[in-house]
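Working notes, beginning with the structure itself.
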Amino acid sequence: MKWKVKVIVRLKEGLNDPEGRVIGKALRNLGYAVENLRVPKYFEFELESENPEEEVEEMCRKLLANPLIHSWEYRVEPVS
Amino acid sequence: MVRFAVVVFPGTNCDFETERAIRKAGAEAERVWYKRSLKDFDGVVLPGGFSYADYLRAGAIAARQEIMGEVKEFAREGRPVLGICNGFQILTEAGLLPGALRPNKISRFLCRWVHLRVADNETPFTSLYEPGEVIRMPIAHAEGNYYVDNPSKVRIVFQYSDEEGNVTEAANPNGSVLNIAAVANGRGNVLGTMPHPERASDSFLGSEDGLKVFKSMVEWARR
């Protein structure tokens, strides 16, 4: 069966996100009261699989995230 | 004569300089495309550059290539494995060294000379340095901010310092925990360094301080 997968990988709480800091500062310079901007990574793909959640979890652990510094979440939906 | 492989991934760009530094240190060196085998070599060096354009995370994709299985064998057998800059990033991503290299604390690419304090001269890569010696090498990285959960358990080899060897906040270019610039595995036969020893291996480059990394490694591999 074929699935549509959406994965978000985030730097763990408390870890400095320099890219987010710079973008947040740029928005503040434009006059917006932005705080704590973070830049997660977003992946989407289609996956042919019998156990999509298990496989996506494994993909996150093996490559998409570095478990030492990242957390992740994902959504799996059947391709209509 | 001992022979070192200098592994080349798509995007590697410090392979020639590294090969030259190893030869200057008295061993044979050969640039090896990542799809080739590492058999017939005594040690392996993962040089600097931008493997796979640093997509996803620096070193992440190179760390999952088949050749890394052979690099892990080298590490397990106690043979020398040296990762420089992108090579260090690959070694942490492959789980051969503890920790991770995050984007620099100040959000830009850093390319400059730094002072380093030799924190551990008992590894195969640092045996020719004096303990506490202060040396100069260049850094050139966007993701060199070393992080590890428990730094007290890590074998720290070089730390960013001032000219006198004081490990201070001001001397830390990228935000690394405890000013860590290079770490080894527990046995010492795997070393990752963000500063580039090959770019400090000849007086015309501005320093020869990095050459001892290669000389130590070659001397050790000869035994």
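Residues being open to solvent by 20 Å² or more (accessible area, probe 1.4 Å) and over 13 Å from residue B:217 (Cβ atoms): count how many of those fall in region B:29-48. If you could, list the steps in order and put the result at the bottom.
Restricting attention to region B:29-48, the residues satisfying the condition of being open to solvent by 20 Å² or more (accessible area, probe 1.4 Å) are B:30-31, B:33-37, B:39-40, B:42.
With over 13 Å from residue B:217 (Cβ atoms) added as a condition, the list becomes B:30-31, B:33-37, B:39-40.
Qualifying residue count, region B:29-48: 9.
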Under 20 Å from residue B:96 (Cα atoms) and β-branched (Val, Ile, Thr), is that true of residue B:154? yes
Of the numbered conditions (1) in contact (Cβ under 8 Å) with a residue 40 or more places away in the chain; (2) part of a helix (DSSP H, G or I); (3) within 13 Å of chain B (Cβ to nearest Cβ), residue A:7 satisfies every one except a single condition; which is it? (2)
Of everything in region A:59-76 that's more than 20 Å from residue B:90 (Cβ to Cβ) and open to solvent by 80 Å² or more (accessible area, probe 1.4 Å), which residue is nearest to the other protein chains (Cβ to nearest Cβ)? A:73
Every residue in region B:61-87 that is surrounded by 15 or more Cβ atoms within 10 Å (Cβ to Cβ) and either touching a Phe, Trp or Tyr at 6+ places or on another chain (Cβ under 7 Å) or closer than 14 Å to residue B:123 by Cβ (or both), please. B:61, B:62, B:65, B:67, B:75, B:79, B:80, B:81, B:82, B:83, B:86
Take residue A:18 and tell me if it is over 15 Å from the mean Cα position of the chain (by Cα) and within 14 Å of chain B (Cβ to nearest Cβ). yes
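When you check residue A:37 against the structure, is it open to solvent by less than 100 Å² (accessible area, probe 1.4 Å), assigned to a helix (DSSP H, G or I) and of a type outside the set (D, E, K, R), yes or no?
No.
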Of (1) outside any strand (DSSP E or B); (2) aliphatic (A, V, I, L, M); (3) open to solvent by less than 30 Å² (accessible area, probe 1.4 Å), residue B:178 satisfies every one except (3)
Which residues, counting only those in region B:102-136, are within 15 Å of the chain's Cα centre (by Cα), open to solvent by 20 Å² or more (accessible area, probe 1.4 Å) and closer than 28 Å to residue B:54 by Cα? B:136
Among the numbered conditions (1) surrounded by fewer than 24 Cβ atoms within 10 Å (Cβ to Cβ); (2) within 27 Å of residue B:186 (Cβ to Cβ), tell me where residue B:16 comes up short. (2)
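The values are calculated or read from the model by the stated rules, or taken from the named source; none is laboratory data. Keep in mind it's a predicted model, so treat the numbers as computed, not measured. Neighbour counts run over all protein chains shown; Cβ positions are idealised from the backbone, glycine included. Ligands, DNA and RNA are stripped out before the accessible areas are found, and what is left, the full protein with its side chains, is counted by its heavy atoms. Shrake-Rupley method; radii C 1.70, N 1.55, O 1.52, S 1.80 Å.
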